[in-house]
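Here the structure is laid out as C-alpha cells; the discussion comes afterwards.
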Amino acid sequence: MKDSVFTSWSIWTTIALILMGITMPLWLSIDMVGLTSAMEELNDDPSGSTLMMTAFTLVMLNTIRALPHYLGALLLGDILGRRFEKPWLKVVVPFVVIPFVYASINAYSAVNYHFGGPAFLILMSIVLMHMLSRDQLRPVLKSFVLAQLLFGYQWLDTVTFLTPFGFGGGAISSELKEIAVSLEFGATLSFYSIVLCSIFVINAVMLAVYLAVSAQKWKIKQDLNRARGEMIESRSGREALHLVHDLKTPLALIEGLNSLIQMKTKNQEILDYTDKISESIQSTSNMVSEILYDEKKNWCSMKRLIEYIRANKLSYADISFEFELNANEHTEVLINKIRMTRAMVNLIDNACDAVEGIPDAHVIIRTEQHGEEIWLGVEDNGNGIPKKEQQKIWKPGFSTKSHPGFGLTFVKNVVAEHDASLHIESDKNQGTLFWIQLPKERVSYEHSNH
C-alpha cells in the first residue's frame with residue numbers, strides 16, 4: 001500500500017545502502033587497502049608487476065566503494081516504481097541518487113570523486129536492464145548483474161587512451177596511467193584492462209539474458225498451470241451444473257407425488273410427514289438454484305451456515321478444530337449458501353495445509369458481529385504468510401504447494417459477489433487469520449425470542 005511505503009524494511013535497507021556509499025571513504029580509505037604504499041613503491045621502484053597489482057587494488061577499491069550506493073539506487077528505484085505503479089521511477093531514481101552521492105562525497109572529502117565514464121555506463125546499463133528484461137528479473141538478480149558490470153567498467157578508468165573521454169579522471173587513476181606511460185607500459189595496461197572489462201561485461205550480459213529467459217520460462221509455466229487449472233475447473237463446473245440441473249426433474253416428481261398424497265389423505269400424522277417432505281424439497285430446490293445461479297441468494301442464519309460448514313468439512317484426523325462463535329446464531333445473512341460454504345471450506349483447506357506436520361495443530365472457525373457487519377473467520381497456528389507474499393496469494397495459479405492455487409482466487413470471487421470484503425492478519429511464525437466481512441445482516445426474531 002502506498003501509505004506504508006516508508007514503513008517498509010526494504011525501503012530503509014536501500015536508504016542504508018545509499019548512506020553507506022556516501023560514508024564509505026570515511027572508513028575505507030586508500031591507506032587501509034595499502035594503495036598509498038603501493039603508489040609510493042611504484043614511484044620509487046617502478047615495474048610492470050607492481051603496476052598491475054596497483055591497478056587491480058585501485059579497481060577493487062573503487063568497486064567496493066561504489067557498490068553500496070549503486071545497489072541502493074537500483075533497488076530503491078525498483079521498490080518505488082513497483083509500489084507507486086510508475087515504471088519510470090525505476091530509471092529516474094538512480095539518475096538522481098547516484099550523482100547526489102558523488103556530490104555529497106565531494107562536499108566533505110579532500111579527494112575529488114570523479115563522476116566519469118563508468119558511472120555513466122552503469123546508468124545506461126540500468127536503463128537497458130529495465131527495458132530488455134521487461135520486469136522479468138527480480139531485484140536481487142539485477143544486483144548480481146550490476147555488481148559484475150560495475151567491476152568490469154571500473155577497469156576502463158585505467159585505459160590510458162580513454163582519459164579524454166571521461167575515464168580515469170581521479171587523482172590516483174591519472175597518476176597511475178602517467179607512470180604506466182613513463183614505463184612504456186601504457187599499451188599493456190590498457191590491453192589487460194580492456195580484456196578484463198570485456199570478460200566481466202560479457203559475463204554480466206550472458207547472466208542477465210539467462211536469468212531473463214529463465215524467468216520468462218517460469219512465467220510461461222505458471223500461465224500454463226493456471227490455464228490448465230481453469231480448464232479443469234470449468235469442465236468440472238459444467239459437469240456439475242448439468243448434474244445439478246438434472247436433479248430438478250426428480251425433485252419436481254417427488255413434489256408432485258407428495259402433493260397428491262396430501263390431497264388423498266386426511267390422516268394428520270401422514271400430513272405432518274408430507275409437510276416435512278415439502279420443506280426438505282424446498283430446501284433442496286433452493287440449494288440447487290444456488291449452485292446453478294451465482295447471483296442467487298437467500299437469507300441464512302449463522303447457526304444454519306455453521307452447521308452446513310461442519311457437514312462439508314472438518315474431517316482431518318490430526319487437526320483440532322475449534323469454534324469461537326461470538327455472533328448471534330439467529331442473525332441472518334443474505335448469501336449464496338453453497339458458494340459461501342465452499343469459500344469457507346477453501347479457507348479451512350488452506351489452514352489445514354498451513355498446520356500440516358505442526359505439533360498441536362489447530363484451526364479455529366470464528367464468527368463476530370461488528371456493527372452492521374458479520375465477520376466469518378478461519379485461523380490457524382501455522383508458520384504465517386510473509387508480507388511480500390500476501391498480495392500474491394490471490395493471483396490465480398499462485399501456490400506454495402505442489403497443486404495449482406485456485407482456492408483463494410475462488411474465495412476472492414465469492415466475496416466480491418456478496419459485496420463483502422476480505423482481510424488477512426498474518427505474521428511470521430504467528431499463524432494466519434482470514435476474515436470475510438459480510439455487510440448485510442438481520443436478526444430472526446421468530447427464533448431469538450425462544
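General remarks:
- Accessible surface calculations at 1.4 Å, restricted to protein heavy atoms, place the range 96-223 at 53 Å² per residue.
- Exposure of Phe161 as accessible area (Å², to 10), given a probe of 1.4 Å and all protein chains: 120
- Within the accessible area of the range 323-387 (1.4 Å probe), percent carbon and sulfur: 44
- For the range 1-102, GluC sites (Glu not before Pro) meeting the loop criterion (DSSP other than H, G, I, E, B) and having at most 16 other Cβ atoms within 10 Å: Glu85.
- Evaluated at q = 0.12, 0.18, 0.19, 0.23 Å⁻¹: base-10 log I(q)/I(0), Debye formula over Cα of the range 71-147: -0.35, -0.72, -0.78, -1.05
- Using a Förster distance of 22 Å, the FRET efficiency for Leu207-Met131 (Cβ separation, nearest 0.05): 0.80
- Given R0 = 30 Å, the distance between the Cβ atoms of Ser421 and Arg304 translates into a calculated FRET efficiency of 0.85.
- The range 37-183, accessible surface, carbon-and-sulfur percent (1.4 angstrom probe): 67
- Accessible area per residue for the range 328-370, computed on protein heavy atoms with a 1.4 Å probe, is 34 Å².
The values are calculated or read from the model by the stated rules, or taken from the named source; none is laboratory data. Note that this is a predicted model, so its numbers are computed, not measured. Glycine gets a Cβ as well: all are built from the backbone with ideal geometry, and neighbour counts include every protein chain shown. Note: areas computed on protein heavy atoms with side chains; ligands, DNA, RNA excluded. Shrake-Rupley method; radii C 1.70, N 1.55, O 1.52, S 1.80 Å.
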